[in-house]
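Input: a single structure, listed below in structure tokens.
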Amino acid sequence: MQDNKMPKVQVRNLTKKFGDLLVLNDISFDVRSGEFLCIVGPTGCGKTTFLNSLTKLYQPTAGEILLDGEPVDLKKHNIAYIFQEYSTMPWLTVEENVGFGLDIKGVEKEKAKALVNEYLDIVGLTKYRKYYPDQLSASMLQRVVIARALAVSPELIIADESTSMLDVSAQAQVIQIYKRLIKEQNVSFIFISHNL
């Protein structure tokens with residue numbers, strides 16, 4: 001049984017260099033279950049380098065990142081990544097896009113259908129389920145991506161500038177969805193932004 005006092009994510013003395021270029025220098029912090037951590041900084045300050053280290057795209061030069069007290073392992077840990085760009089698949093409908101991760105994980109069809117329905121409702125896209133991405137607004141596209149990420153019941157959600165391409169009203173809607181899900185599902189959330 002996991003100790004509820006143990007942080008979900010532990011970053012310990014993380015350093016990342018590319019040759020002589022020092023990008024991350026001895027960073028340490030924790031993220032607890034149900035916590036929303038926002039990392040804010042200008043373009044080029046190392047935010048995405050941190051995320052790429054967390055998801056093992058980059059190997060740290062020094063230090064470590066632990067999830068539930070173990071080194072992050074994408075084959076074992078259920079991490080959802082919401083990108084800045086719209087990562088919908090144009091040949092799939094909204095409901096097929098939302099169910100894509102469930103298909104990959106081999107979730108039984110009836111259960112997958114119920115999860116797709118649930119998350120389409122949460123992000124307010126139920127009536128657009130048969131639409132294709134090129135028929136949707138920017139805000140709707142981002143909500144499809146959010147629903148797809150959440151449908152797989154992740155233990156950690158990473159959002160890299162996930163609202164930067166949206167207008168202020170749409171940004172507020174997406175942030176409200178994030179807040180609701182953190183509260184209801186106790187999921188940990190790391191949100192990257194250049195915008196205070």
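The values are calculated or read from the model by the stated rules, or taken from the named source; none is laboratory data. These numbers were taken from a predicted model, which means no experiment stands behind them. Positions of Cβ are generated from backbone atoms using ideal geometry, with glycine treated the same way; all protein chains shown enter the neighbour counts. Each accessible area value is taken on the protein alone, full model and side chains, heavy atoms only, with ligands, DNA and RNA left out. Shrake-Rupley method; radii C 1.70, N 1.55, O 1.52, S 1.80 Å.
Brief remarks on what is shown
- Surface composition of segment 48-196: carbon and sulfur make up 53 percent of the accessible area, probe 1.4 Å.
- Listed pairs Lys47/Lys183; Lys76/Lys113; Lys47/Lys111 exceeding 27 Å between Cα atoms: Lys47/Lys111
- For the peptides 179-187, 140-148, 153-161, 104-112, the ranking by mean Cβ contacts within 10 Å, running from highest to lowest, is 140-148, 153-161, 179-187, 104-112.
- Placing a label point 7 Å from the Cα of Thr43 along the Cα-to-Cβ direction, the residues of segment 151-184 whose backbone N falls under 18 Å of that point are 160-167.
- For the pair Lys127 and Lys75 in one chain, pulling the backbone fully straight at 0.36 nm per residue adds 15.3 nm over the alpha carbon distance.
- Using the Cβ-Cβ distance between Arg32 and Met89 with R0 set to 35 Å, the FRET efficiency from 1/(1 + (r/R0)^6) comes to roughly 0.55.
- Remark: the chain carries a charge dipole of roughly 200 debye about the Cα centre, counting +1 on each Lys and Arg Cβ and -1 on each Asp and Glu Cβ.
- Cα-based shape type of segment 29-144, given that a ≥ b ≥ c are square roots of the gyration tensor eigenvalues and the cut on a/c is 1.5: prolate
- Sites Arg180 and Ala62 - FRET efficiency at Förster radius 41 Å, r taken between beta-carbons, to 0.05: 0.60
- Using Cβ point charges alone (K and R +1, D and E -1), the dipole size of segment 18-93 about the Cα centre works out to roughly 220 debye.
- Helical mean residue ellipticity (222 nm; -39500 (n - 2.57) per DSSP H run of 4+; nearest 500) of the chain: -10500 deg cm²/dmol
- Share antiparallel - DSSP beta bridges, the chain, percent rounded to 5: 50 percent
- Among the listed values [x] 47.9, 151; [y] 23.7, 80; [z] 17.2, 53, the one matching Rg and Dmax of the Cα atoms in Å as calculated from this structure is [z].
- Part-to-part distance (alpha-carbon centres) for segment 11-56 and segment 152-172, which is given in Å: 18 Å
- Across segment 1-114, C-alpha contacts under 8 Å between residues 6 or more apart give a mean separation that, scaled by the residue count, equals a relative contact order of 25 percent.
- Excluding ligands, DNA and RNA, the accessible surface per residue across the chain is 53 Å² with a 1.4 Å probe.
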